[in-house]
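Beneath this line is the structure, given in structure tokens, with notes to follow.
We did not get these values from a lab; they are worked out from the coordinates using the rules stated. This one's a predicted model, so the numbers in the text were calculated from it and none came from an experiment. Neighbour counts are summed over all protein chains in view; Cβ atoms, including those assigned to glycine, are modelled from backbone coordinates with ideal geometry.
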Amino acid sequence: MMRRLLFIVLAAALLWSGYWWVGQSAQKAAIDGWLEAQRQRGRVAEAGAVRVRGFPNRFDTTLTEVTLVDPASGLSWTAPFFRIYALSYAPNHVIAAWPGSQTLSGPFGRLRIDSREMMASVRFRASTALALAEARAELSGLRISADAGWTAGLADGQAALRATPEAETGDGSGANAPNRYQLFLRASALDLPEALRRRLDPEGDLPDTIGAARLRATVTLDRPLDRRLADGAAPAVTALEIDEAEVGWGPLRLAASGRLKADADGLAAGSIALEALEWRQQLRMARRSGLMPPPADAWAERLLAASETTAQQSAETDLNMTLRFRGGRTWIGPIPVGPAPRLNAGAPPPA
């Protein structure tokens, strides 16, 4: 009896060892193949070494001295290492870890990115389509230093994208699932570059860092996020439901919620409710940013001028209003204040 049991245990161990070595070889071959595919496309994709360890229960992959360059966009990324972790019995759940220091270069210049922690995880549904079930990212102690002289930072941040329950029950083909994903973002203690901070707050009345920002929304796409993305264009956003969006900077607070759908031209249609605390200061800040389209800037100027002429209005610091989007325009009441935001590229022109 003991001999039979020992034989079964040894056979199971040998089978599991064989499975691990096959998986380890496949993992390394997949990464080597991806690097070679990038080189065939005219990009630079190099790694000093690719090692897979973790026997018997994990596939721990480490790429050393990594360099990726895309000449078409001018983007390049270098890092001393990049790590990918997966459990050998759950290969559809992958965790990635970035080093404490890395470099990103492009038309914007050269950026050194330092962090205390930068990790992400992706879980796919166990199907041939490998549809996304959930993706998460976390970072802390982020510091970005540009060769141009500016710096920016973030104390900590989290992001998550999860297929909604109804999408989870689909087959990943899009036929039985609405391709809806729950989106969550949170950031705290955002340190802006000094030049931008001075532009937004020339009087220096606000704290050096933006206290907190968060977003909770549901996005609907025209196709699922799965392995077929590599064969075509990125999915288009067809609808966006903002349950909660809020940012606070000292006494300033801006909150938004609403629902948008993409019209035939890919422009937003729907409405967004805004709540602004210390709204005059926020409006002046938005104008100074230079991001407001001319019609909206002119409307903001008139609103600020009118508020200064009415004592009752001048005493009020809260503002609640609704932005409506229709016909490719943004409206506040009956007043058009600029173009509607674009959600996707729109329908292709008829042949």
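Please report the orientation-averaged projected area of the stretch 194-239, defined via the convex hull of its C-alpha atoms, in nm². Each step should come with its number before you reach the end.
Working: hull surface 24.3 nm².
That works out to 6.1 nm².
At R0 = 22 Å, how high is the FRET efficiency between Leu75 and Ala345 if r is their beta carbon distance? Nearest 0.05 is fine.
Numbers: r = 22 Å, r/R0 = 0.98.
Efficiency computed from Cβ-Cβ geometry: 0.50.
With labels modelled as points extended 7 Å from the Cα through the Cβ direction, what inter-label distance (nm, one decimal) is found for Ser271 paired with Leu185?
About 2.5 nm, to one decimal.
How far, in nm, would the chain grow between Val44 and Glu203 when pulled straight, counting 0.36 nm per residue and subtracting the alpha carbon separation?
52.6 nm is the gain from fully extending Val44 to Glu203.
Tell me which residues come under 5 Å, amide H to amide H, from Gly250 once H is placed; ignore anything under 5 positions away on its chain.
Excluding prolines and chain starts, which carry no amide H, the hits are Gly211.
To the nearest 0.05, what FRET efficiency results for Thr317 and Glu65 with a Förster distance of 35 Å applied to their C-beta separation? Don't jump to the answer; show the numbers that get you there.
On the way: r = 55 Å, r/R0 = 1.56.
For Thr317 and Glu65, the calculated efficiency is 0.05.
Using 7 Å Cα-to-Cβ label points, what is the Ser127/Arg223 separation (nm, one decimal)?
1.5 nm
List the residues, sorted by chain then number, that are 5 or more residues from Ser88 or on another chain and whose placed amide H is less than 5 Å from its amide H.
Arg58, Phe59
When the chain is fully extended, how far beyond the present Cα-Cα distance does Arg287 get from Asp156, taking 0.36 nm per residue of separation?
Working: separation 131, 0.36 × 131 = 47.16 nm, distance 2.86 nm.
Net length gain for the segment: 44.3 nm.
Which of the peptides 250-262, 103-115 is most tightly packed, and how do the rest follow, going by the mean number of other Cβ atoms within 10 Å of each residue? Walk me through the numbers before you get to the answer.
Numbers: 250-262: 17.8, 103-115: 14.8.
The densest-packed peptide leads the list: 250-262, 103-115.
What is the calculated FRET efficiency for Glu246 to Trp21, with r their C-beta to C-beta distance and R₀ = 56 Å, to the nearest 0.05?
Details: r = 51 Å, r/R0 = 0.90.
Taking R0 as 56 Å, the efficiency between Glu246 and Trp21 is 0.65.
Could you run the Karplus curve 6.51 cos²θ - 1.76 cosθ + 1.60 with θ = phi - 60° over the stretch 103-117 and give me ³J(HN,Hα) per residue in whole Hz, x for Gly and Pro?
Values per residue, Gly and Pro as x: 10, 10, 10, x, x, 7, x, 10, 10, 9, 10, 10, 8, 7, 8 Hz.
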